[in-house]
Amino acid sequence: MLVVHVDVHVKPESIDAFIAATLENARNSVQEPGIARFDVIQDQADPAHFVLVEVYRTVEDTVRHKETAHYATWRDAVAPMMAAPRTSVKYTNLFPEDAGW
């Protein structure tokens with residue numbers, strides 16, 4: 001399992017539009033066989049700060065995800081909403097060992 005945390009800071013006036021676009025992307029993403037989990041979380045102290053927690057079954061599944069139409073639609077829609085470029089950190093899942101989400 002590969003876990004990716006995508007850190008996003010959105011312009012305050014774009015929060016609602018970002019949420020709508022991101023939830024649509026998440027709903028489509030969880031339909032992909034290579035995605036075990038896709039969480040969209042919002043910072044309680046800073047509502048313009050979001051983290052997308054994406055759990056992939058394989059590294060190749062991350063590539064396939066970025067080739068989907070729904071990802072391209074999301075990427076293009078939210079680009080002007082960003083207060084700063086999004087960043088990501090990749091993690092290897094260690095526990096539970098048999099996580100088959």
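Values quoted throughout were computed directly from the atomic coordinates according to the rules given, and no laboratory measurement underlies them. Predicted model, so just to flag it, every value in this text is computed and none were measured. We place every Cβ from the backbone using ideal geometry, glycine too, and count neighbours over all the protein chains shown.
Where nothing but the Cβ of Lys and Arg (+1) and of Asp and Glu (-1) is charged, how large is the charge dipole of the chain around its Cα centre, in debye to the nearest 20? Walk me through the numbers on the way to the answer.
Numbers: 9 positive and 15 negative charges, 38 e Å.
Dipole about the Cα centre, nearest 20: 180 debye.
For the chain, the relative contact order works out to 45 percent when only alpha carbon pairs closer than 8 Å and six or more residues apart are counted.
Need the full-extension length gain, H5 to H70, defined as separation in residues times 0.36 nm minus the C-alpha distance. One decimal, nm. Let's see the in-between values first.
Numbers: separation 65, 0.36 × 65 = 23.40 nm, distance 1.87 nm.
Between H5 and H70, full extension yields 21.5 nm more.
Summarising the label geometry, the points placed 7 Å from Cα in the beta-carbon direction at Q31 and A79 lie 2.4 nm from one another.
Compute the FRET efficiency between D16 and E60 as 1/(1 + (r/R0)^6), taking r as their Cβ-Cβ distance and R0 = 41 Å, and round to the nearest 0.05.
Numbers: r = 34 Å, r/R0 = 0.84.
Efficiency at R0 = 41 Å is approximately 0.75.
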